[in-house]
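Here is the structure we will look at.
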Amino acid sequence: IADTWNEAVRKYDPNTGKVSTILGGLDIDEARDGLPHVATFAGLNDVTFDESTGSLYIADKMNNKIRKFAPNDRVSTIAGREKGHSDGMGLYSLFNLPGGITMGPEGCIYVTDSCNHCVRKIEFRDDDDDE
């Protein structure tokens, strides 16, 4: 669950009804990569889950970045670095307020790039260790 105003990613357990914070929740408006308890976001907007890898992908809207959280790993930035519009590999791509994010059937990610008025596609190569 993307908890935009609290800059956190939450997990809901339908068996117990419990909601817990798994990422973020710190009152810092920047994109800090790292371990789950130190990772920060600014206006995170949406999340999608890759069932094949167990990774969570996050549209970090105000930081103009796409972030990844791998199970038992760190939060890392996989695409975007500043506001703009540019296709390219990983950090060479630019977004302007990425909004919705979803996994495609072929293992890629689709992102609505709100202020660029388009849908962007992130593809992963088979030889990518960390996308």
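The values are calculated or read from the model by the stated rules, or taken from the named source; none is laboratory data. Note that the coordinates shown come from a computational prediction; the quantities given were computed from them, not determined experimentally. Cβ atoms come from the backbone with ideal geometry, glycine included; neighbour counts cover every protein chain shown. Surface areas here come from the heavy atoms of the whole protein model, side chains and all, with no ligands, DNA or RNA. Shrake-Rupley method; radii C 1.70, N 1.55, O 1.52, S 1.80 Å.
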When both residues are 6+ apart or on different chains and their Cβ atoms are under 8 Å apart, which pairs have a first residue that lies in the range 97-110 and is without any contact (Cβ under 8 Å) to a residue 40 or more places away in the chain, and a second that is in a loop (DSSP other than H, G, I, E, B) and open to solvent by 40 Å² or more (accessible area, probe 1.4 Å)? Cys108/Glu123; Cys108/Phe124
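Residue-by-condition table, conditions (1) more than 23 Å from Arg120 (Cβ to Cβ); (2) of a type outside the set (Asp, Glu); (3) in contact with a Leu (Cβ under 8 Å, 6 or more places away or on another chain); (4) modelled with pLDDT of 90 or more:
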| position | (1), (2), (3), (4) |
| --- | --- |
| Gly17 | yes, yes, no, yes |
| Thr21 | yes, yes, no, yes |
| Leu26 | yes, yes, no, no |
| Glu30 | no, no, no, no |
| Gly34 | yes, yes, no, yes |
| His37 | yes, yes, no, no |
| Leu44 | no, yes, no, no |
| Phe69 | no, yes, yes, yes |
Within the range 1-28, can you find the residues that are in contact (Cβ under 8 Å) with a residue 24 or more places away in the chain and assigned to a loop (DSSP other than H, G, I, E, B)? Ile1, Glu7
Reported set for the range 48-68 where residues are open to solvent by less than 30 Å² (accessible area, probe 1.4 Å) and either in contact (Cβ under 8 Å) with a residue 40 or more places away in the chain or of a type in the set (D, E, K, R) (or both) is Thr48, Asp50, Leu56, Tyr57, Ile58, Ala59, Asp60, Ile66, Arg67, Lys68
Does the range 81-91 contain any residue that is closer than 20 Å to Val111 by Cβ, touching a residue at least 12 places away in the same chain (Cβ under 8 Å) and touching a helix residue (DSSP H, G or I) at 6+ places or on another chain (Cβ under 7 Å)? yes
Can you pull out every residue in the range 97-115 that is open to solvent by 40 Å² or more (accessible area, probe 1.4 Å) and either in contact with a His (Cβ under 8 Å, 6 or more places away or on another chain) or charged (D, E, K, R) (or both)? Glu106
For the range 69-96, what are the residues that are buried (at least 16 other Cβ atoms within 10 Å of the Cβ) and charged (D, E, K, R)? Arg81
